[in-house]
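The values are calculated or read from the model by the stated rules, or taken from the named source; none is laboratory data. Since the model is a prediction, treat every value here as computed from it, not as a measurement. Note that each Cβ is placed from the backbone with ideal geometry, even for glycine, and that neighbours are counted across all protein chains shown. SASA here: full protein model, heavy atoms, side chains in, ligands and nucleic acids out. Shrake-Rupley method; radii C 1.70, N 1.55, O 1.52, S 1.80 Å.
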Amino acid sequence: MSHTTSAPLSNPNPASPPAGQRLPLLGAASWLVAPVLLALAVAAAQASPSVGRMLVGNAGISVGVLACAVLGLLLSMGARVRRERWPWVGVVGAIISAAPLLLFLAGMLLRL
């Protein structure tokens, strides 16, 4: 009579991630949302002065910081759905990408 166990097999290569866990690619990408959006805004402002005036206005900044927060949140949620290895990477990335929105709202409240 054979006895089968349902215990998972041990990982023979400790350098590779365990089965079912992936490298934190989306979590790491959530850290880069704010710098990438800022670089795109600067490039658009350099290409067209009228676009630059629109981006510096209140509407352009508000859309930019909101997009930054939303993209950071979506990337961190994608990291959780993919079951990436270190979940804190995506969570901290979402907090960092929401920082411009928090600063914008604080500036509006304090009339800076």
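What whole-number value in Å² describes the accessible area per residue of the stretch 28-112 for a 1.4 Å probe?
That works out to 67 Å² for each residue.
Which of the peptides 46-55, 74-83 is most tightly packed, and how do the rest follow, going by the mean number of other Cβ atoms within 10 Å of each residue?
74-83, 46-55
Calculate what fraction, in whole %, of the accessible area of the stretch 41-112 sits on carbon and sulfur atoms when a 1.4 Å probe is rolled over the protein chains. Don't skip to the answer; put the middle values down first.
Values: 3710 of 4870 Å².
Result for the stretch 41-112: 76 percent of the exposed heavy-atom area is carbon or sulfur.
So what's the net charge close to Pro24: Lys and Arg +1, Asp and Glu -1, counting the other residues with Cβ under 11 Å from its Cβ? Please report the intermediate quantities before stating the final value.
Details: positive: Arg22, Arg80, Arg82, Arg83, Arg85; negative: Glu84.
Here the charged neighbours net out to +4.
Using 0.36 nm times the number of residues separating Leu25 and Ser48, minus their current alpha carbon distance, what extension gain do you get?
Taking 0.36 nm per residue and subtracting the Cα distance, the gain is 5.0 nm.
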